[in-house]
Amino acid sequence: MAFEFKKCVADGVEIKGLYEIQPKVFGDSRGYFFEVYSERDFFDAGLTMRFVQDNQSASSKGVLRGLHFQTKHPQGKLVRAVYGRVYDVAVDLRCGSPTFGKSYAVVLDCEKQNQFYIPEGFAHGFYVLSDSAVFAYKCTDFYDPKGEGGLMWNDPTIGVDWKSVAPEIEPLLSEKDTRHPAFDKNGRYFDLNGKWIGD
């Protein structure tokens, strides 16, 4: 198999469906090669999602994007840093999940070529640690501007420790990302299958 699939754990409890993925990278003095995605290997690991859209963004150091989700067309995302390093965060918003409201973070590094799979039913965000970064992600559904949702990036209940990885960097957010609401631990977000139940 060309990939190692690591299940993610928060406070001793597995966050179902969330994986850090390490491709096998073949390199020599000429450069490197690796498979970014293989349906066969992912299906063998139990990750049977289908991707319909690929996205890519470029950001400068300190840019923080998040925490985002879609309501009507929830997206699972396979994310990676094509260039640079980012601190990538997922928050479980599936009502009834034993890890509801818990976050998990991983540093995605283009030198390591690691990836992060975030299923439907999560909020997602990332913070650029390098001078610049190119961030790419495969999505299981199409972008729906009418279904945009988000959570406050620094919500105290969720408690993502963004500054721990880069205390010298001041986060740079879009105006829209400064206006997301706080997390409501009694709120209705997604069901256990990642379908929106908030309306």
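The values are calculated or read from the model by the stated rules, or taken from the named source; none is laboratory data. These figures come from a predicted structure and were not determined experimentally. We place every Cβ from the backbone using ideal geometry, glycine too, and count neighbours over all the protein chains shown. Ligands, DNA and RNA are stripped out before the accessible areas are found, and what is left, the full protein with its side chains, is counted by its heavy atoms. Shrake-Rupley method; radii C 1.70, N 1.55, O 1.52, S 1.80 Å.
Converting phi to 3J(HN,Hα) with the Karplus coefficients 6.51, -1.76 and 1.60 and the offset θ = phi - 60°, region 157-165 yields 5, 6, x, 5, 8, 4, 6, 5, 7 Hz in sequence order, with x at every glycine or proline. Set against the 2.2 N^0.38 Å expectation for a compact globular protein, region 132-192 has a Cα radius of gyration ratio of 1.38. Counting only protein heavy atoms and a 1.4 Å probe, the chain has 51 square angstrom of accessible area per residue.
Find the relative contact order for region 62-199 and round it to a whole percent, using C-alpha pairs within less than 8 Å whose residues are 6+ positions apart.
Working: 318 pairs, mean separation 50.7, N = 138.
Once normalised by length, the contact order is 37 percent.
Based on alpha-carbon atoms, the Kirkwood radius and the radius of gyration of region 1-95 give Rg/Rh equal to 0.96.
Phi angles of region 134-145 translate, via the Karplus equation with coefficients 6.51, -1.76, 1.60 and θ = phi - 60°, into HN-Hα couplings of 10, 10, 10, 8, 9, 10, 8, 8, 7, 5, 10, x Hz per residue; Gly and Pro are given as x. Diffusion coefficient (Stokes-Einstein, Kirkwood radius over C-alpha pairs, 37 °C, 0.692 mPa s) for region 91-194: 213 µm²/s, rounded to a whole number.
Please check the chain for the longest run free of chymotrypsin sites (Phe, Trp or Tyr not before Pro) that are loop-located per DSSP (anything but H, G, I, E, B) and have at most 13 other Cβ atoms within 10 Å.
Numbers: sites that count: 34, 142, 143.
Counting only loop sites that pass the neighbour cut-off, the longest clear stretch is 35-141.
The magnitude of the dipole of region 4-158, with charges of +1 and -1 set on the Cβ of Lys/Arg and Asp/Glu and taken from the Cα centre, is near 120 debye.
How many percent of the accessible area of the chain is carbon or sulfur, using a 1.4 Å probe?
Details: 4990 of 10130 Å².
The value for the chain is 49 percent carbon and sulfur by accessible area.
Summing +1 for each Lys or Arg and -1 for each Asp or Glu among the other residues whose beta-carbon sits under 11 angstrom from that of residue 72 gives -2.
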